[in-house]
Each structure stands twice: as C-alpha cells, then as structure tokens.
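> I have a structure I would like to understand better, so I am pasting it below and will then ask my questions one at a time.
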Amino acid sequence: AERSVPSVALRQAMLEVNRMGQMARDNLQAALTYFFDPTQEELFTRVMEREKTIDYLDHAISDKLVTLRSLQLSDHDVFRLSRMVRVVSNFERIGDHADNIAGYVHHCMDQGLHFSDVARREITDLTSKVTSFVDEAERYYTNSSERSIEELEAIEDSVDNDVDRMQESHIRRMESGECSGEIGMLYIEILTDLERVADHALNIAQAQK
C-alpha cells in the first residue's frame, strides 16, 4: 500500500501540470488575440493575472515534485517525475513569452504606436502555426497525438525558418522607412518570442522520450 502513495501523488501532480499547461496555452492565445485587436484592453489584464497564477503553480508544483523525489519511487515513477520537472519548466517559459507579447502590445498602445497592416498580415500564419504546435506538443506528451516526434521537429524547424525570413523582410522595411524604429524592434521581439514558444513546445514533446 505504501508504494501506491507516490503514484497517487504523482497522478495529482500530473493533473496540476496539465492545468498549468492549459493556462500557459490560454495566455498565449489571449496575448495573440490582443496583438491583433489591441483595443481589447481586458485581454492584457487577463494575461497579467493568469501569469501570476502560472508562476504560483510553477513554484507549487516544483516544490511538490522535489518532495516526491524523497519518496521510495519505482524506476518508472522516477522517469515520470523527471519528465514532469522538465515540462513544468517549459510551460512556465511559454507563459513568460505570452506575457512578453502582451506587454509589448500594451506598450505600443500606451505610446500610440501601431503595427502596420503588412506586419499583422505577415504574422497571421505564424501565430496560428505556433499555437497549434503548442497544442500538438502537449498532446504528444500526453500520448494523444498521431504525429511522430520527427514530424514535430520538422514543424519547429519550419517555425525557425519562417521567423528568420520574417525578421529579414521586416528589417528591410525598417531600413526603407516603411516602418518606424521602435515599433519595428518590438515586432522583431514578438517574432523572437514566438520562435522561443515553439522551442519550449518541442522540449515538452521530447520529454516523452
């Protein structure tokens, strides 16, 4: 009976990890919705509030996982525990990048800066690719994806390539004066955040190995 206690605790921790992951994904979606419609100021508030909860869960779950390490665990449970530690850390980072994106958009609104229609059109496909990739990576981690890890790695590579191409074309627009310096740099930061989100999503999927 004693050996079942760690397993029950691990299952509970896993539910908390999934909850935290859902919140990070919700925040990413909210931050990107805010990017496309910065008049929805309540989205910024929601992202900031949810980010506090994500940070709280990150510490609470990490503390719980450290406690579980001191229990008598089977090799399989040790493996599950180490995977969870990795996944929690990557969900927390996805939450940070969502927070960054919302912060950049909020700053632009405060300063009366606006992203160009070209920039907004250009980023549309990338945002949808990244959000669906995060969902797919989470499904892979929970054994409910039909994709292989190689397919996921290929998608992450294509996100990197998209971001490189978009950053180059945006820098050209800045150089030709089509886009102002400050907003141009913020746009490049947002592209970098999206690239990092895909990196962390792939880490979550690879934790399944």
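> Would you mention how many residues in region 47-59 are of a type in the set (A, V, I, L, M, F, W, C) and loosely packed, with under 15 Cβ neighbours inside 10 Å? It would help to see each step written out before you state the result.
Narrowing region 47-59 to residues of a type in the set (A, V, I, L, M, F, W, C): 47-48, 54, 57.
Checking which are loosely packed, with under 15 Cβ neighbours inside 10 Å leaves us with 48.
So the count comes out to 1.
> What number of residues in region 167-208 are in contact (Cβ under 8 Å) with a residue 60 or more places away in the chain and over 20 Å from the mean Cα position of the chain (by Cα)?
Going through region 167-208 one residue at a time, the tally reaches 5.
> Residue 143 fails exactly one of the following numbered conditions: (1) without any contact (Cβ under 8 Å) to a residue 40 or more places away in the chain; (2) of a type in the set (S, T, N, Q); (3) surrounded by fewer than 13 Cβ atoms within 10 Å (Cβ to Cβ). What is the number of that condition?
Status for residue 143: all satisfied but (1).
> Among the residues of region 148-161, which ones are acidic (Asp, Glu) and either open to solvent by less than 30 Å² (accessible area, probe 1.4 Å) or at pLDDT below 95 (or both)?
156
> Among the residues in region 166-181, are any in contact with a helix residue (DSSP H, G or I) (Cβ under 7 Å, 6 or more places away or on another chain), closer than 22 Å to residue 26 by Cβ and open to solvent by 30 Å² or more (accessible area, probe 1.4 Å)?
no
> Please find, among 91, 79, 35, 44, the residue that is in a helix (DSSP H, G or I), open to solvent by 10 Å² or more (accessible area, probe 1.4 Å) and touching a helix residue (DSSP H, G or I) at 6+ places or on another chain (Cβ under 6 Å). Show your work before the answer.
Working: 91 fails: open to solvent by 10 Å² or more (accessible area, probe 1.4 Å); 79 fails: touching a helix residue (DSSP H, G or I) at 6+ places or on another chain (Cβ under 6 Å); 35 fails: open to solvent by 10 Å² or more (accessible area, probe 1.4 Å).
None of the others qualify; the one that does is 44.
> Which residue pairs have Cβ atoms under 9 Å apart, sit 6 or more places apart or on different chains, and have a first residue in region 46-61 that is more than 27 Å from residue 11 (Cβ to Cβ) and a second that is in a helix (DSSP H, G or I) and among the β-branched types (Val, Ile, Thr)?
The qualifying pairs are 47/101.
> Report yes if residue 105 is open to solvent by 10 Å² or more (accessible area, probe 1.4 Å), β-branched (Val, Ile, Thr) and under 20 Å from the mean Cα position of the chain (by Cα), otherwise no. Spell out how you get there, then give the answer.
Details: open to solvent by 10 Å² or more (accessible area, probe 1.4 Å): no; β-branched (Val, Ile, Thr): yes; under 20 Å from the mean Cα position of the chain (by Cα): yes.
When the stated conditions are applied, residue 105 does not pass them.
The values are calculated or read from the model by the stated rules, or taken from the named source; none is laboratory data. None of these values were measured; they are calculated from a predicted model. So basically every Cβ, Gly included, is an ideal-geometry build from the backbone, and we count neighbours across all protein chains shown. The area values use the complete protein model at the heavy-atom level, side chains included, leaving out ligands, DNA and RNA. Shrake-Rupley method; radii C 1.70, N 1.55, O 1.52, S 1.80 Å.
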